[in-house]
1. In deg cm²/dmol, rounded to 500, what helix-only [θ] at 222 nm does the chain give when every DSSP H run of at least 4 residues adds -39500 (n - 2.57) and the total is split over its residues?
2. In a Gaussian network model over the chain where Cα atoms closer than 10 Å are linked, find which of 72, 51, 119 has the largest mean-square fluctuation.
3. Can you tell me which lysines have their Cα less than 22 Å from the Cα of residue 87? Leave out same-chain residues fewer than eight positions away.
4. Need one word for the stretch 8-76: rounded, prolate or oblate. Basis is the Cα gyration tensor (sqrt eigenvalues a ≥ b ≥ c); a/c below 1.5 gives rounded, then a/b vs b/c decides.
5. For the stretch 61-78, just list the computed ³J(HN,Hα) in residue order, Karplus coefficients 6.51, -1.76 and 1.60, θ = phi - 60°, integers in Hz, with x standing in for Gly and Pro.
6. Could you pull out every residue, at least 5 positions away or on a different chain, whose amide H is within less than 5 Å of the one on residue 92? Hs are placed 1.01 Å off N in the peptide plane, and Pro or chain starts have none.
7. Of 100, 69, 29, which has the largest mean-square fluctuation in a 10 Å C-alpha GNM of the chain?
8. Please compute the per residue accessible area over the stretch 1-131 with all protein chains in place, 1.4 Å probe, rounded to a whole number of Å².
Amino acid sequence: MKYLVMVQGTQADYEAMRGRPSQHSPLWSEKDLQAMFSFMEGINNDLAESGELVDAQGLVEPAKTRFVSVDGEGRPVISDGPYGETKELLAGYWVLDCASLERVTEIAARVARCPVPEGAPEYPVVIRPIQDAAGDLC
């Protein structure tokens, strides 16, 4: 079964990683960033070695995100902000091919232990099974 494992973040988190802390996210030092990147690299390497890794990507900051919808006439409505400092969005993901929900939950628990600076927000790691074709919708 394939699963999408997602981590969340906010614009304030990205800003704090760039040296601009706020009340919502403390400053990330170079040491903090290296610890996070090293931790994630270790997870990715282990998942690649086990054959469970399909894809993994970090995403750019929310300020570079666009939302596209349609108005009542069916015309596209495109917005790119503003984003509140605490608005959580997808910050990165893994697509994993795991034998069971229990196994992917073990991996998500490991991801949740990623080192962060003291006082940084804690976001849940979200697991979503990836539907194969029409799946249980039909």
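The values are calculated or read from the model by the stated rules, or taken from the named source; none is laboratory data. Predicted, not measured: the structure shown is a model, and the values here were computed from it. Backbone-built Cβ (ideal geometry, glycine too); neighbour counts: all protein chains shown. In case anyone asks, the SASA skips ligands and DNA or RNA and just uses the protein heavy atoms, side chains included. Shrake-Rupley method; radii C 1.70, N 1.55, O 1.52, S 1.80 Å.
1. Working: 3 runs with 40 residues, N = 138.
After summing the helix terms and dividing by the residues of the chain, the value is -9000 deg cm²/dmol.
2. Checking each option, the largest mean-square fluctuation is seen for 72.
3. Here the lysines satisfying the reach criterion relative to residue 87 are 64.
4. Values: a/c = 4.37, a/b = 1.30, b/c = 3.37.
Taking the square roots of the gyration eigenvalues as a ≥ b ≥ c, the stretch 8-76 is oblate.
5. 4, x, 4, 9, 8, 10, 10, 10, 9, 10, 8, x, 9, x, 7, x, 10, 10
6. Residues meeting the amide H criterion: 7, 59.
7. Residue with maximal mean-square fluctuation among 100, 69, 29: 69.
8. On the way: 8200 Å² over 131 residues.
Counting only protein heavy atoms, the per-residue value for the stretch 1-131 is 63 Å².
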